[in-house]
Amino acid sequence: MSKPLNEQELIQYIAGKTGADPTQIGLVLKIEDTYINKAKANARGEVDIDVDDIVDHIMKQRDVNLDEMTVETILETEMEYLIQKGIATYGD
C-alpha cells in the first residue's frame, strides 16, 4: 500500500541532494505533473512517457531557470524518493 506524498518533504529531499532552489524544484515538479496528467493512455490503460520528452517540455517553459542537467537530476531524485517511500516503482 502506498503512502501519501508529502510535497514539502519531497522538495526538501531533492534540494538536499541537488542543491537546486526549492522554488525551481516545485515549479519543475508542477510542470512534470501537468505533463503526465495530460498524457494519453494506450489500449491497456498504461501511459508511456519518456523522461527526455518531459525534460524537453520543462526546458521550454519560460519560468524555469535551470539547466537541462539540473532538471534531469531533479526528476531522477524525485523518482528515487518515490521509490524509497513505496509510492512508485519502475515499470517493465
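The values are calculated or read from the model by the stated rules, or taken from the named source; none is laboratory data. Small disclaimer: the values here were computed from a predicted structure and weren't measured. Cβ atoms come from the backbone with ideal geometry, glycine included; neighbour counts cover every protein chain shown. For the accessible areas, the whole protein counts, side chains as well, though only heavy atoms, and no ligand, DNA or RNA atoms are used. Shrake-Rupley method; radii C 1.70, N 1.55, O 1.52, S 1.80 Å.
Some notes on this structure:
- Flag: D56 does not match the condition of being open to solvent by 100 Å² or more (accessible area, probe 1.4 Å), of a type in the set (D, E) and out of contact with any Ser or Thr (no Cβ under 6 Å at 6 or more places or on another chain).
- Number of positions in segment 73-92 that are within 14 Å of the chain's Cα centre (by Cα), over 20 Å from V47 (Cβ atoms) and open to solvent by 30 Å² or more (accessible area, probe 1.4 Å): 2
- The number of residues in segment 3-41 being in a loop (DSSP other than H, G, I, E, B) and open to solvent by 70 Å² or more (accessible area, probe 1.4 Å) comes to 6.
- Qualifying position, being under 14 Å from the mean Cα position of the chain (by Cα), at negative phi and outside any helix (DSSP H, G or I), among I58, I49: I49
- Selection count, segment 15-59, where residues are β-branched (V, I, T) and under 16 Å from A88 (Cα atoms): 4
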